[in-house]
Amino acid sequence: MGFERGAWLRLCRVPLHAWNDFFFLSCVFYCGQFLKADSRTLGKERFDYTRILFATSSLEIVKSVEKIIVDGVVIKINIVRECEFSLVENA
């Protein structure tokens with residue numbers, strides 16, 4: 001079994017009608033395992049980006065634009081790994 005670590009991702013341009021765990025899972029399926037969305041995302045406190053935690057064995061920086069179909073329309077989602085570290089959050 002390989003080593004995995006958690007990392008936070010920001011997803012920009014997520015349409016509000018697609019704001020759910022299934023959609024977030026499909027956004028990170030290619031690079032790791034979806035774990036959870038942060039409380040501000042779930043509470044819909046801000047709408048400029050979503051924040052999700054995922055597990056990955058890769059040490060590569062994640063920065064991509066993914067095309068995902070939502071209700072028959074292709075949406076471009078910007079996906080960026082957050083680089084700040086929080087020991088309290090990781091503990």
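Selection within the range 39-67: residues that are at pLDDT below 85 and of a type in the set (A, V, I, L, M). The member of this set that is surrounded by the fewest Cβ atoms within 10 Å (Cβ to Cβ) is L59.
Only strands (runs of 3 or more DSSP E) whose full extent lies in the range 8-83 are considered here, and none of them has at least 3 residues that are in contact with a Ser or Thr (Cβ under 6 Å, 6 or more places away or on another chain) and not charged (D, E, K, R). If you go through the range 24-62 and pick out every residue that is closer than 16 Å to R13 by Cα, charged (D, E, K, R) and within 11 Å of the chain's Cα centre (by Cα), you end up with 1.
Could you check the range 1-18 and list, in sequence order, the residues that are in contact (Cβ under 8 Å) with a residue 24 or more places away in the chain and either farther than 16 Å from E66 by Cα or of a type in the set (K, R) (or both)? Selection gives G2, F3, E4, R5, G6, A7, W8, R10, R13, L16, H17.
The values are calculated or read from the model by the stated rules, or taken from the named source; none is laboratory data. Predicted model only: the values in this text are computed from it and were never measured. Note that we place each Cβ from the backbone using ideal geometry, even for glycine, and neighbour counts take in every protein chain shown.
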